[in-house]
Amino acid sequence: MRKLPILLIALVVVASVAGCAREKKQPEYRGSVLSELPFVYKMTVQQGNIINEAMVDQLQIGMTKAQVRFVLGTPLLTDMFHTDRWDYTYTIRRGHAPMETKRLTLFFEDDLLSRIDGAMQPDPNRLIAAEDEREIVVKVPDWQDNRGLINKALNTVGVETRD
């Protein structure tokens, strides 16, 4: 009889410890079943720093932090323990397509850019080609006097007319 309360207490302790030790998995977030249908509109979601190839091509080893910040903007992630590392991350999810992620990591030594890691790397040839494409020539035709007979007659008399 004396063993029964001790056995019950031991059983309750073992059950409570086993229940607490079990890892509870958080359920994965799932939207509505209807949101996965192809005819349901899903908005494009962009997050982070938008960085394109033209911006990356302007980077040069030896640039100061201020110059890099001028070209690329403020980094999305700066680690207070590693102040010589800047992380630029950009994600976009277009509708039902999977999320695209672009990362660019810059490393500095003595406040000067020393290394560039990531999907995009600076390409000086691409920068030169882009500068050649920027030149735009606009042809402006010569002015022709198409004011009409009455306006010409009034102008010869000395009366200013608005065109």
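The values are calculated or read from the model by the stated rules, or taken from the named source; none is laboratory data. Bear in mind that the values here come from a model prediction, so they are computed numbers and not experimental data. Here the Cβ positions follow ideal geometry from the backbone for every residue, glycine too, while neighbour counts run over all protein chains shown.
Total residues in the stretch 90-129 satisfying the condition of being in a strand (DSSP E or B), of a type in the set (Asp, Glu) and closer than 18 Å to Gly73 by Cα: the figure is 1.
Among the residues of the stretch 83-96, is there at least one that is on the phi > 0 side of the Ramachandran plot, modelled with pLDDT under 90 and not β-branched (Val, Ile, Thr)? Within the stretch 83-96, one or more residues are on the phi > 0 side of the Ramachandran plot, modelled with pLDDT under 90 and not β-branched (Val, Ile, Thr).
Number of residues in the stretch 63-82 that are part of a loop (DSSP other than H, G, I, E, B), among the aliphatic types (A, V, I, L, M) and surrounded by 12 or more Cβ atoms within 10 Å (Cβ to Cβ) equals 2. Would it be correct to say that Leu8 is modelled with pLDDT under 90 and either within 20 Å of Leu112 (Cα to Cα) or within 19 Å of the chain's Cα centre (by Cα) (or both)? The answer is no for Leu8.
A residue that is in contact with a Lys or Arg (Cβ under 6 Å, 6 or more places away or on another chain), modelled with pLDDT of 75 or more and polar (S, T, N, Q) can be found somewhere in the stretch 36-45. Taken over the stretch 40-62, the residue count meeting the criterion of being outside any helix (DSSP H, G or I) and within 15 Å of Arg115 (Cα to Cα) is 5.
Checking each residue in the stretch 86-130 for being loosely packed, with under 15 Cβ neighbours inside 10 Å and β-branched (Val, Ile, Thr) picks out Thr91, Thr101, Ile128.
Looking only at residues that are farther than 26 Å from Pro98 by Cα and over 22 Å from the mean Cα position of the chain (by Cα) in the stretch 34-62, which one is surrounded by the fewest Cβ atoms within 10 Å (Cβ to Cβ)?
Per the stated criteria, the residue is Gly62.
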